[in-house]
Amino acid sequence: MKTPKDLKYAKTDEWIKVEGEEATIGISDYAQDQLSDIVYVEILVEEGDAIEKGDEIATIESVKAAAGVNTLASGTVIAINEALDDEPEQLNSDPYEAGWIIKIKLDDVAQLDDLLSAEEYEAYNEEREG
Amino acid sequence: MTEKTIYELSQPGRKGFVFPDSDVPAAPLPKAFERGSINLPELSELDVIRHFTNLSRLNYSVDGGFYPLGSCTMKYNPKINEVAVRLPGFSQTHPLQPITSVQGNLYLMYQLQEMLQEISGFHRVTLTPAAGAQGELVGALIIKKFHESNKDTKRVKILIPDSAHGTNPATSAMSGFEVAPLPSDARGNVDLEALKLHCDETLAGLMLTTPNTLGLFDENVIEVIEMVHNAGGLVYGDGANLNALLGIVRPGDLGFDIMHFNLHKTFATPHGGGGPGSGPVGVSERLAKFLPGPIATIVDEGDDDTPPFYGFYTPEESIGRMKAFYGHFGVVVKAFTYIAMHGPDGLRDIGEKAVLNANYLMEKVKEDYYLPYDRTCMHEFVVEGTWKDIPNVHALDISKRLMDYGFHPPTNYFPLVVHEALMIEPTETESKQTLDAFAAAMKAIAKEAREDPGMLNKAPYTTPIRRSDEVKAARDLVLCCWTPDSF
Amino acid sequence: MYTPHSPQEIEEMLNVIGIKSVEDLFEKVPAKYRYPDLDLPQGLTEMEVAAELNEIATANASSDEFISFLGAGAYNHYIPSVVDAILSRGEFYTAYTPYQPEVSQGTLQAIFEYQSLMTELTGMDISNASHYDGATAAAEAANLAYHNFRGKRKKVLVTRSVNPEYRETIRTYMYGLGDVHVLGDDPLNAREDETAKLLEMINADTAVVIVQYPDFFGRITDYTKIVEKAHEAGALVTFVFNPTALGILKPPGAFDADIAVGDGQPLGIPLSFGGPYLGIFTVKDKLVRKLAGRLVGETVDEAGNRAYVLTLTAREQHIRREKSTSNICTNQGLMALAAAVYLSVLGKSGFKQVANLCYQKAHYAAEKISKLPGFELAFPETPFFHEFVIKTPKPVEEINARLEDYWILGGYDLSQTYPEMKNQMLVAVTEKVSREDIDDFVAALEEVTND
């Protein structure tokens, strides 16, 4: 299971990648594996929307499950990954690159302080697997 | 083994049915609305009969074999019910005929209401809900209306045990409630400590399936209900599993405020490949005024020479109409027939034999499968469909393999509180020989799992189709037949 | 009655369980309430119950004993014998929802064919496996629209010419959601031009506009303007339709409806005192993920053969639980099968024929009745399908009571649900009625209003 070091994670299985004032948000390799074959992604926000940390930004459906994706930070949506509409399977094959979900302009970088590092997230996953 | 679709079978110009020619002068169609040709298939009567007969042969059914689908109560559907519902007096009555011309229907509905009240211990029953899920919606809306009528607007929370069916939380959400999950304790009962924490002024109600989806009778049911009542909430009973309680105990006596019945489970009306069901709802006296109508009633008691005269009423503070007309009358006729044939002793016999069969089968199956809640069950039980030392065999594989042994699989992956759940409900109409044969198949599969786990992963082998590609179905959606006009 | 256990078998089973008597199984049930005395009549044998049911059924007068002109949402059509022959097969009616595709291809393919027939009939892109009936399908359409806009649009507009019971059902479902307003069918609107009034009400807060086609009064209305205005405002449009009418009338899809729902009872389902019927539910492609209820899709099995499965199940209650938009589990499986068999056997020519017969006979009846003294058509300028409103010289209730002496079931008394429509009868004519029947009806109407 991949857990890139340069990202931050949440216990709800999203990741966020910060580059200056901008951030990209997606779901982790662990999450896509748990969901199995993803068949549909509905992104619930549009470019220009102001979103608050914790807001639901997308719903993901696999053949056996459905999951909500929440934003890990407040900000303004600057891009959504429209390619997921036709190729939701990219969330399975490449959750950290091609499978990104939205990009936002951050309101406050400090909001990210309580998120998990890659090591902490891996430890959390091991604990969950029991 | 596949069957062509009706569109593939279609031959231009072929006819299957002809109506008499028109005997009135022609009236012109309004041009602006006139439709050209409609692309329906063209088949002979025999084409149609063969096609659907062939399709029927691809189905597993209760008439064909043992169907131990947990929480679905796949019991035998008596054939007299099918005769009854086809009597022209029932099948050919229009719902809006003058009330004087449908006294038989109203009598039957009234009698079934009375029977269900007596069986369940509720004060009043409505027959209108179309299915169990709609009965649940009635229940949740009554809870909402009850608190509103008391100006008790803070009550927004419905408690739902973690073992509950998915309709319970879905119904609560449809009714505008917040859902709070309630854990089960180690014996499969509602966790009383967790319940206590939720008993506050925001509590609207609790939805409780009895027996629960683990097939267990909650040992603290009276206490649970009292706690919710004391906190000002109502208790909704999901009647999906009422078969276990027939003639044994009445949910109304236990203190439940509302419950829906599944006529298609408990009262042997057929499932029809997914419907029609019927989900009457019973309530305690204080909630009767909120029931949806129309409900059958006696308008005039009559006397020695005249029979009572029946009509409909809708309670004044009703939550409103749930569907057109009066519910699934055809299903109601079948349930009435079934109950009339059983009487009090017959009903108790159903409850007892359903529970006897389940406990007998549980004893046999648990020899090879882990039973997480090992105590006397009611009408069903749940085992794990996996073994720690055989990591690659899952509940799904066992289910699929059972088809090769000629059985319908149990409900799998539900309830969620049991890992790799196999939920087995034999029902009362199955014989000891059938249960033994099923137990033997389960034992044989457990052996196969050890000896050749890979073989189970590919099962079934003998069914009309093999395992199907559900990912493809969802990604490349094809939801209707190819037809010539589609291109 | 249907339990097969012999005393010896019971004994053997108890031994395996390790208990003495069946009653030991119920120790956890509070003793105080255990084994209630049920005050019910003793059970009957099949022979006895058959006799009793016969007696109850004959206390009714079936529509077949009358010449029937009663419709208003349930229609007396001829059902080809093929339909019941198929529906009586235990392989269909004693099966459960097709969760296990390997042993349910019969039900799955039949539903798939039903879905195909419904999209063809309505001109819509997608049909689900069905809802309970037309009224609940209409309510689920409003529910779908509400969720489509994530609860931000709070108005559901329905015209007063939508079946009153459907409107009531929509209201019940919307009551659950809490903050939705069902508007548009105020009686005051009936006096004005309904379309103009509705056009004024459509705005950015409208989730859906619901119209009926042909409407409750049988009228065929061009809703193009309403559809345009609704779409301009970003709202959805739902057509409630009568399936028989679509044999000869342009389908909802041709009017750019987003959702089309109707009751499938006219498609081979008996009147059965109001149910079980069939809720047809169809949508445009873009709404497929929002659709509540079962959907069957085509795929392949491991051997590469065509196979059918339930698909897009992640929308549904058993996965989404409180996040699903509807709690519906099953469909009206057997009723959908009836509709599929009915349309298959009638086929292209038969279905058009039945729609035409209804239309022609209804127009003959309207022409004849409207010439009677004191009778006139309520909407003489508006085209209609197989139902029409006739103004009567006496209260409809009174006329209908007297028609019973002629073994005629008169039309629906509109004053029951439209207080402003006193002395107005909704007459329905189907292919089961002959010219002679219509002439008898006309003569009887004249006689019973002539004194």
query = When the stretch C:367-383 is examined, which residues are found to be open to solvent by 20 Å² or more (accessible area, probe 1.4 Å), touching a helix residue (DSSP H, G or I) at 6+ places or on another chain (Cβ under 8 Å) and not in a loop (DSSP other than H, G, I, E, B)?
reply = C:K368, C:L377
Single condition C:T244 does not satisfy, out of (1) open to solvent by less than 20 Å² (accessible area, probe 1.4 Å); (2) within 14 Å of chain B (Cβ to nearest Cβ); (3) assigned to a strand (DSSP E or B) = (3)
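Hey, among C:S324, C:S344, C:S370, which residue is within 26 Å of C:S272 (Cα to Cα) and not hydrophobic (A, V, I, L, M, F, W, C)? Give the derivation first.
On the way: C:S324 fails: within 26 Å of C:S272 (Cα to Cα); C:S370 fails: within 26 Å of C:S272 (Cα to Cα).
Exactly one residue qualifies, and that residue is C:S344.
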remark   = With criteria (1) open to solvent by 10 Å² or more (accessible area, probe 1.4 Å); (2) outside any helix (DSSP H, G or I), B:I222 comes up short on (2)
request  = Determine, yes or no, whether C:A59 is open to solvent by 50 Å² or more (accessible area, probe 1.4 Å), among the hydrophobic types (A, V, I, L, M, F, W, C), within 7 Å of another protein chain (Cβ to nearest Cβ) and farther than 21 Å from C:G268 by Cα.
outcome  = yes
Residues located in the stretch C:393-450, provided they are among the acidic types (D, E), within 28 Å of the chain's Cα centre (by Cα) and in a helix (DSSP H, G or I) = C:E397, C:E404, C:D437
ask   = Does B:T386 fit the bill of being buried (at least 21 other Cβ atoms within 10 Å of the Cβ) and touching a residue at least 60 places away in the same chain (Cβ under 8 Å)?
value = no
Selected residue (criterion: nearest to C:F255 (Cα to Cα)) from residues of the stretch B:20-51 that are of a type in the set (A, V, I, L, M) and part of a loop (DSSP other than H, G, I, E, B) = B:I38
inquiry  = Looking at (1) out of contact with any Ser or Thr (no Cβ under 9 Å at 6 or more places or on another chain); (2) more than 7 Å from every other protein chain (Cβ to nearest Cβ), which one does B:P30 not meet, given that it meets all the others?
reply    = (2)
query = Do the conditions hold for B:G16, that is, is it within 7 Å of chain C (Cβ to nearest Cβ) and either of a type in the set (V, I, T) or outside any helix (DSSP H, G or I) (or both)?
reply = yes
ask   = Picking from B:V125, B:V85, which residue would you name as being β-branched (V, I, T), more than 7 Å from chain C (Cβ to nearest Cβ) and open to solvent by 10 Å² or more (accessible area, probe 1.4 Å)?
value = B:V85
message = Just checking, does the stretch C:108-115 include any residue being more than 30 Å from B:S175 (Cβ to Cβ) and without any contact (Cβ under 8 Å) to a residue 40 or more places away in the chain?
response = no
inquiry  = Checking the conditions here, which among C:F255, C:F273, C:F216, C:F281 is under 15 Å from C:V162 (Cβ atoms) and within 14 Å of chain B (Cβ to nearest Cβ)?
reply    = C:F216
key: Of all residues in the stretch B:357-383 being open to solvent by 50 Å² or more (accessible area, probe 1.4 Å) and free of Cβ contacts under 8 Å to residues at least 60 places away in the same chain, the one that is nearest to C:I19 (Cα to Cα)   = B:T376
request  = Please find, among B:L106, B:L195, B:L182, B:L116, the residue that is open to solvent by less than 10 Å² (accessible area, probe 1.4 Å) and under 21 Å from the mean Cα position of the chain (by Cα).
outcome  = B:L116
task = Please verify whether the stretch B:418-435 includes one or more residues that are within 8 Å of chain C (Cβ to nearest Cβ), touching a helix residue (DSSP H, G or I) at 6+ places or on another chain (Cβ under 8 Å) and within 21 Å of A:S62 (Cα to Cα).
result = no
ask   = Are any residues in the stretch C:179-212 touching a residue at least 60 places away in the same chain (Cβ under 8 Å) and assigned to a strand (DSSP E or B), and if so, which ones?
value = C:A207, C:V208, C:I210
key: Residues located in the stretch B:34-47, provided they are touching a Phe, Trp or Tyr at 6+ places or on another chain (Cβ under 9 Å) and either more than 7 Å from every other protein chain (Cβ to nearest Cβ) or without any contact (Cβ under 8 Å) to a residue 60 or more places away in the chain (or both)   = B:I38, B:L40, B:P41, B:E45
task = Give the residue, chosen from C:E232, C:E228, C:E298, that is open to solvent by 10 Å² or more (accessible area, probe 1.4 Å), over 30 Å from C:A196 (Cα atoms) and of a type outside the set (G, A, S).
result = C:E298
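Test C:A141 against the criterion of being in contact with a Lys or Arg (Cβ under 7 Å, 6 or more places away or on another chain), at pLDDT 95 or above, hydrophobic (A, V, I, L, M, F, W, C) and over 30 Å from B:T411 (Cα atoms), and give yes or no. Write out each step before concluding.
Details: in contact with a Lys or Arg (Cβ under 7 Å, 6 or more places away or on another chain): no; at pLDDT 95 or above: yes; hydrophobic (A, V, I, L, M, F, W, C): yes; over 30 Å from B:T411 (Cα atoms): yes.
No.
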inquiry  = Being among the acidic types (D, E) and part of a helix (DSSP H, G or I) is the filter here; which residues of the stretch C:213-239 pass it?
reply    = C:E228, C:E232
task = Quick one: in the stretch B:274-290, of everything that is modelled with pLDDT of 95 or more, assigned to a loop (DSSP other than H, G, I, E, B) and crowded, with 24+ Cβ neighbours inside 10 Å, which residue is nearest to the other protein chains (Cβ to nearest Cβ)?
result = B:P276
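Output the residues belonging to the stretch A:19-39 that are over 22 Å from A:A110 (Cβ atoms) and open to solvent by 40 Å² or more (accessible area, probe 1.4 Å). Walk me through it before giving the result.
Initial filter on the stretch A:19-39 (over 22 Å from A:A110 (Cβ atoms)): A:27-39.
A:D33, A:Q34, A:D37, listed by residue number.
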request  = Would you check if there is a residue in the stretch B:93-102 being at the interface with chain C (Cβ under 9 Å from one of its Cβ atoms), hydrophobic (A, V, I, L, M, F, W, C), under 30 Å from B:P344 (Cα atoms) and open to solvent by 10 Å² or more (accessible area, probe 1.4 Å)?
outcome  = no
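The values are calculated or read from the model by the stated rules, or taken from the named source; none is laboratory data. Remember, it's a predicted structure, so these values are computed and weren't measured experimentally. Using ideal geometry, Cβ is built from the backbone for each residue, glycine included, and neighbour counts are taken over all protein chains shown. These area figures cover heavy atoms from the full protein model, side chains too; ligands, DNA and RNA do not enter into them. Shrake-Rupley method; radii C 1.70, N 1.55, O 1.52, S 1.80 Å.
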